[in-house]
Amino acid sequence: MGLGLYLAAAVVGGLLATGVRLPPLVGYLVAGFALGAVGAPAPDGLEQVAELGVVLLLFAIGLKFDARTLLRREIWLTTSVHIVLSTAVTIGFLGLLAVAGPALVADEPLGGLALVGFALSFSSTVFVVKVLEDRSDTTSLYGRIAVGLLVMQDVVAVVFMALSGGEVPSPWALALVLVIPAAWPLHRIWDRIGHGELQALFGVTVAVALGWGLFEAAGVHGELGALLMGVLLAKHPGASEMSRSLMTFKDLMLVAFFLQIGLHGRPGPEELLLAVALLAVLPLQVAFYAVLLWAMRLRRRTAFLTGLVLANFSEFGIIVAVVGASAGMLDERWVVVVSLAVAISFAVSALVNRRGVELASRMVKLLPHHSTHELHPDDRLVDVGHSDALVLGLGRIGAATYEQLRDGYGLSVVGVEHDPARVGELTARGFDVLRADATDVEFWTRVRRAGRVQMVVLAMPFHKANLIALARLQKAGFTGKVAAVARYDDDVDELRRHGADAVFHLYGSAGTALADHAAEVLLHRDGPTRARDPEVLLHRESAPRAHEPEVAPGAAADRAVADGP
């Protein structure tokens, strides 16, 4: 009965949140607090399922993460300075509350206030990664920076918990370095597994048994072990496929995580008021992120996008508060306050990040402009003035379109892609590729000045991404031809209504392309009329082969458009 009640509450909460255009996870949080308020007993195993969801989430992050990112100055230095500044600001804010409303803060010593500030200086790994995944921005520049900052914060939190008596690593923890050479046999085993459910089972086993299990046994946080195992396996060619295959398991189990946040006690009016008041430090934390990243020579838009997506408190803050309360450094009521503040910050951050790309574009005026030669190498503006055609998104569809426009029609073509691995691979094959963000307003302004560009192909896997790119092209004054791909009939109609010159149905085009190839084999020739027909060309090159997915993993530049204005 208890499990059924929680499942029903999660469904109702998710539906209500969706109805007011909020992410379902906000509804799960509300459902958890409602169940906690009425004293509903938590079903057996809820905590374990929630922890398993977090383990799989961190493992999936690791599969997409480049560990070298942590060595970059904009990651480790920004994390360190931000934690110090955020903790100091929260201490000052709570000090003011102690003067203005002594009943709220009571007689908490300075050390306790510092611990609360430290707990609230982290951003939520679970929430931020969900936002990035919903936007398909995990491989964008600001997405990679955000994940790097989160990983560094998680490491700091784990070190704190170890030093504060939360859990002292055993002497065997030193032996965990052996998981690094263990990556080689794991890669060889993976090579023999192939695809399907066995690959997903292998991923769960590595994440839970080797990552979480071994690290917990050695007295180190198992979540850190799951993340490390993902990083060690990230170089395998099947990493993206495994990450996708684990998505359903991970998302379902994370429902339990959001539900259980509401079970940390019954808040009174004072705790609720204090939790809401603590949200006042979030804008300052966003400002700290933006200014620090801008000082690292990142563009203003990138800095603000990163700050906005990190505008929330972390579930690790709850853990830090629990550890502090257990060690006698903090009053027990602060666990409830921090839990409430974390949950409410999720709702606020969800509202803000619904328009995150648009907000970041508006906020750029708040910081001075960097000249192009001063910018970080990964964040410099791009120039496509030498090209006749522009292809956005270089997955299988985009790459095939690029090759045919270049080799079949003799056009000068430039591709735009976010994924650094994909950029390197295509550059080695002779492609002219720009590593850039197609959601960037400044990028589209540069395209407007590129007078030679006659055609733009939107080879994007997300319909909304195509619509946003089309709208930005029109706003920039582009007068050339625009071709796009779509999966569904209503998507085709919508793109045509918005001004696309040619729209090609991925599923519908598959039959045409198959017939063309079959006829070529049968007749040993290519029809002279159809061979040079641009529509047949794009039908052929955009249609997925039977053994390939319609959308290639790695078309990250186009995915990042998904939540634009």
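Miscellaneous remarks
- Counting only residues that are surrounded by fewer than 23 Cβ atoms within 10 Å (Cβ to Cβ), under 23 Å from F160 (Cα atoms) and among the hydrophobic types (A, V, I, L, M, F, W, C), region 198-227 holds 5 of them.
- Any hit, region 63-75, residues being part of a helix (DSSP H, G or I), over 24 Å from G211 (Cβ atoms) and not aromatic (F, W, Y): yes
Table: residues versus (1) over 24 Å from the mean Cα position of the chain (by Cα); (2) surrounded by 24 or more Cβ atoms within 10 Å (Cβ to Cβ).
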residue: T372; (1), (2): yes, no
residue: H376; (1), (2): no, no
residue: T401; (1), (2): yes, yes
residue: Y409; (1), (2): yes, no
residue: S412; (1), (2): yes, no
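- If you filter region 42-56 down to residues that are at pLDDT 80 or above and part of a loop (DSSP other than H, G, I, E, B), you find that the one that is surrounded by the fewest Cβ atoms within 10 Å (Cβ to Cβ) is D44.
- Members of region 478-529 found to be at positive phi and modelled with pLDDT under 75, listed by number: H524
- Test result for L15, in a helix (DSSP H, G or I), at pLDDT 85 or above and exposed (fewer than 14 other Cβ atoms within 10 Å of the Cβ): yes
- Within region 39-54, residues that are β-branched (V, I, T) have Cβ atoms under 9 Å from residues that are surrounded by fewer than 19 Cβ atoms within 10 Å (Cβ to Cβ) in these pairs: V49/L252, counting only partners at least 6 apart in sequence or on another chain.
- Yes/no for F59 being part of a loop (DSSP other than H, G, I, E, B) and either crowded, with 21+ Cβ neighbours inside 10 Å or in contact (Cβ under 8 Å) with a residue 40 or more places away in the chain (or both): no
- Selection of region 470-527 for residues being under 18 Å from G393 (Cα atoms), part of a helix (DSSP H, G or I) and small (G, A, S) yields only A471.
- Scan of region 297-321 for residues that are within 21 Å of L272 (Cβ to Cβ) and touching a Leu at 6+ places or on another chain (Cβ under 9 Å), ordered by number: A311, N312, F313, S314, G317, V320, A321
- For the residues G2, G53, the requirement of being farther than 28 Å from L141 by Cβ and of a type outside the set (A, V, I, L, M, F, W, C) singles out G2.
- Where a residue in region 312-331 is in the same structural domain as L25 (by TED's automatic domain parsing) and of a type in the set (D, E, K, R) and its partner, wherever it lies, is assigned to a loop (DSSP other than H, G, I, E, B) and at pLDDT 80 or above, with Cβ under 7 Å and at least six apart: E315/S124
- Residues located in region 346-368, provided they are under 13 Å from F304 (Cβ atoms) and assigned to a loop (DSSP other than H, G, I, E, B): R355, L367
- Condition check for H386: surrounded by fewer than 20 Cβ atoms within 10 Å (Cβ to Cβ), outside the structural domain of M296 (by TED's automatic domain parsing), over 20 Å from L120 (Cβ atoms) and in contact with a strand residue (DSSP E or B) (Cβ under 8 Å, 6 or more places away or on another chain): yes
- So E403, is it more than 20 Å from L305 (Cα to Cα), part of a helix (DSSP H, G or I) and out of contact with any Asp or Glu (no Cβ under 6 Å at 6 or more places or on another chain): yes
The values are calculated or read from the model by the stated rules, or taken from the named source; none is laboratory data. All figures in this text were calculated on a predicted structure; none of them were measured in a lab. All Cβ positions, even for glycine, are placed from backbone atoms using ideal geometry, and neighbour counts span all protein chains on display.
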